[in-house]
Amino acid sequence: MAALFNIVLVLIGVFVIVFSRLNFSWNKLSKENFLLFSAGGLVMIIIGVFPQLSFAAASVLGIQRGSDFLLYFSVIVLFYLLIRQSVKTEQVESKLSKLVENLAISNPERKKPGKEEKSKSRQKK
Amino acid sequence: MKSPDIFIVVAAYNEEKRILKAISGLQNFGYRNVIVVNDGSRDRTRELALSSGAVVLSHPVNLGQGAALRTGIHYALKAGADIIVTFDGDGQHQASEISRLVTPIIDRKADAVLGSRFIKKGSAVNIPSSRKFFLKAGVIFTRLVSRIRVTDTHNGFRALSRRAASRIDIKMNDMTHASEILDEIHKKKIKFVEVPVTITYSEESVMKGQKTSNALRIFAKMVNKKIFG
Ligand SMILES: Nc1nc2c(ncn2[C@@H]2O[C@H](COP(=O)(O)OP(=O)(O)O)[C@@H](O)[C@H]2O)c(=O)[nH]1
Ligand SMILES: [Mg+2]
C-alpha cells in the first residue's frame, strides 16, 4: 500500500513538472509560477522516493503520521496559492477597470441632432 | 449667481427597451447633460441612447454598475459638472424628482442627497414584498456596518455636489458600490440628507433587475471589505 502511494506521488510530481514546463514554454505560465510548481513537484518526488523524510518532518512537528504531515503541508500550500491567486486576480481586475474607464472617457460619443453620423465632440466647459 | 451645471449619469446595461423613455423623461425636465454609460451592452442600448442626443460613454466589456458610475462621474467632473445625479436607465426613477434631490446642494445644506423610498412621503410603487424585506434588512445591516443612519440603501437615486463626487472613491465595480458610497460618506464626513423619492416596480424592472439573492452576495462582500479593508 505504502509503495503504491509512493509511486503515485512520484508520478504526480513528474506530471506536475512536465505540465508546468510545457505551459511555461507555451507562455501560459509565468517563470515564477513554473518554478513554484516545479518545486512542489520536486518535493512530491523526493517524498515519494524517501518516505522516511516525511516521517521525520512529522515527528519533528509532533504529528503522528507522515501522511498527515503531507496533508497538512499541502493544505497550507494550496491555501497560500489561492490567496496569491485572488490578489492577482483583483489586481488584474482593477487594471482592467482603469483601462476600460480611460477608453470610455476618451471616446465620448454624441450625435448632433438631425445629423446621422456620430461626432466625437464632447461637451466642454 | 449662474445656475449650476447638473449632469445626470445613467448606468445602462442591456436597457434597449427602457433607456429611451428614461432619457426623454430627463430631457422633458430640461436636463441636457445626460451621460449614458453603456456598460458592454449586447443590445442596442448605445445606438438608442445616441439617437436621443445623450452623451454616450461605452465600456467595451461589462464591468458592473459601480464601474459605470465611476466612469460617468469622472467624465462629468472633467466636463465641469457642479452637481452629479445618478439615475437608473430602466425607468424606475422619476426625472420630476431630481429637483428635490439637487435643492439641498444648491442651498448648500448638504453635499450628498440620497433618495429614499422608505422615508416619510417616499414610496416604492408595486414593490414585491420579498424585495422589501431584503431592502429593509440591508438598511439595518448598513446601520450596523457603515454606522450611517439612512432609511434606504440601494435605490441608486442620489445627487452629489462636485466636492462630494470628487471625494467619494468608488472601488467596487458591481452593485456593492451602493454600500460603498454610504461608507465613504460616513468615513469622509460628507454632509448628507435623505429626501423622499418614488421608485416604481414594473414586472419588467423586477425581472431584469437585481435578484434578491444578490443581497446575500453584497452582504458577504461588505463584511469581507470591513474585515480585510
Ligand atoms: N453599467 C451597468 N449598469 C447596470 C448593470 N446592471 C444594472 N445596471 C443598471 O443599473 C440600473 C439599476 O439596475 P437594476 O438591475 O435595475 O437594479 P435594481 O433596480 O436595484 O433592481 C439600471 O439602469 C441598469 O441598467 C451593469 O452591469 N452595468
Ligand atoms: Mg431596476
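Of the residues B:LYS136, B:LYS109, which single one is surrounded by fewer than 19 Cβ atoms within 10 Å (Cβ to Cβ), in a helix (DSSP H, G or I) and basic (Lys, Arg)? Even if it seems obvious, please write down each step before you answer.
Values: B:LYS109 fails: in a helix (DSSP H, G or I).
Residue meeting the stated conditions: B:LYS136.
Among residues of the range B:41-54 being charged (D, E, K, R) and more than 9 Å from chain A (Cβ to nearest Cβ), the one that is farthest from ligand 2 (Cβ to nearest atom) is B:GLU47. Taken over the range A:86-124, the criterion of being modelled with pLDDT under 90 and within 9 Å of another protein chain (Cβ to nearest Cβ) is satisfied by A:LYS111, A:LYS112, A:PRO113, A:LYS118, A:ARG122, A:GLN123, A:LYS124.
Per-residue answers, yes or no, for (1) without any contact (Cβ under 8 Å) to a residue 60 or more places away in the chain; (2) within 14 Å of chain A (Cβ to nearest Cβ); (3) more than 16 Å from ligand 1 (Cβ to nearest atom); (4) not β-branched (Val, Ile, Thr):
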position: B:GLY115; (1), (2), (3), (4): no, no, no, yes
position: B:LYS120; (1), (2), (3), (4): no, no, yes, yes
position: B:ILE127; (1), (2), (3), (4): no, no, no, no
position: B:VAL139; (1), (2), (3), (4): yes, no, no, no
position: B:ILE148; (1), (2), (3), (4): yes, no, yes, no
position: B:GLY156; (1), (2), (3), (4): no, no, no, yes
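Select from the range B:112-133 the residues that are touching a Pro at 6+ places or on another chain (Cβ under 7 Å) and surrounded by 19 or more Cβ atoms within 10 Å (Cβ to Cβ) and list them in ascending order. Hits for the range B:112-133 are B:VAL113, B:SER116, B:GLY122.
Quick one: which residue in B:VAL145, B:VAL197, B:VAL206 is within 16 Å of ligand 2 (Cβ to nearest atom) and surrounded by fewer than 19 Cβ atoms within 10 Å (Cβ to Cβ)? Break it down stepwise before answering.
On the way: B:VAL145 fails: within 16 Å of ligand 2 (Cβ to nearest atom); B:VAL197 fails: surrounded by fewer than 19 Cβ atoms within 10 Å (Cβ to Cβ).
Residue meeting the stated conditions: B:VAL206.
Of everything listed in (1) within 16 Å of ligand 2 (Cβ to nearest atom); (2) away from chain A (no Cβ under 12 Å); (3) in contact with a strand residue (DSSP E or B) (Cβ under 7 Å, 6 or more places away or on another chain), the single unmet condition for B:ILE83 is (1).
Say we look at the range B:55-76 and pick out the residues that are of a type in the set (S, T, N, Q) and more than 7 Å from chain A (Cβ to nearest Cβ); which of these is farthest from the chain's Cα centre (by Cα)?
Step one: of the range B:55-76, the residues of a type in the set (S, T, N, Q) are B:58, B:62, B:65, B:71.
Filter once more, keeping what is more than 7 Å from chain A (Cβ to nearest Cβ): B:62, B:65.
Working: B:ASN62: 17, B:GLN65: 9 Å.
Only one residue tops the list, namely B:ASN62.
Among the residues of the range B:148-179, what is the count of those that are farther than 17 Å from B:ASN224 by Cβ and within 16 Å of ligand 2 (Cβ to nearest atom)? Residues that pass the stated criteria total 7.
Quick check: anything in the range B:123-133 more than 30 Å from A:GLN91 (Cβ to Cβ), among the aromatic types (Phe, Trp, Tyr), modelled with pLDDT of 85 or more and within 16 Å of ligand 2 (Cβ to nearest atom)? No.
For the range B:6-97, which helices (runs of 4 or more DSSP H) that fit wholly inside it have 3 or more residues that are out of contact with any helix residue (DSSP H, G or I) (no Cβ under 7 Å at 6 or more places or on another chain) and among the small types (Gly, Ala, Ser)? I'd like the intermediate steps shown before the answer.
Numbers: elements: B:19-28, B:45-51, B:65-78.
Where helices (runs of 4 or more DSSP H) fall fully within the range B:6-97 and carry at least 3 residues being out of contact with any helix residue (DSSP H, G or I) (no Cβ under 7 Å at 6 or more places or on another chain) and among the small types (Gly, Ala, Ser), they are B:65-78.
Of the residues in the range B:181-197, at least one is modelled with pLDDT of 90 or more, more than 22 Å from B:ALA68 (Cα to Cα) and within 13 Å of ligand 1 (Cβ to nearest atom).
Any idea which residue in the range B:165-181 is farthest from B:ASP111 (Cα to Cα), counting only those that are away from chain A (no Cβ under 14 Å) and part of a loop (DSSP other than H, G, I, E, B)? It comes out as B:MET175. Of all residues in the range B:1-40, none satisfies the criterion of being of a type in the set (S, T, N, Q), over 15 Å from the mean Cα position of the chain (by Cα) and buried (at least 22 other Cβ atoms within 10 Å of the Cβ). Scanning the range B:82-98 for residues that are within 13 Å of ligand 1 (Cβ to nearest atom) and of a type in the set (Asp, Glu), we see that the one that is nearest to B:LYS121 (Cα to Cα) is B:ASP88.
The values are calculated or read from the model by the stated rules, or taken from the named source; none is laboratory data. Values in this document were obtained by computation on a predicted structure and should not be read as measured data. Neighbour counts run over all protein chains shown; Cβ positions are idealised from the backbone, glycine included.
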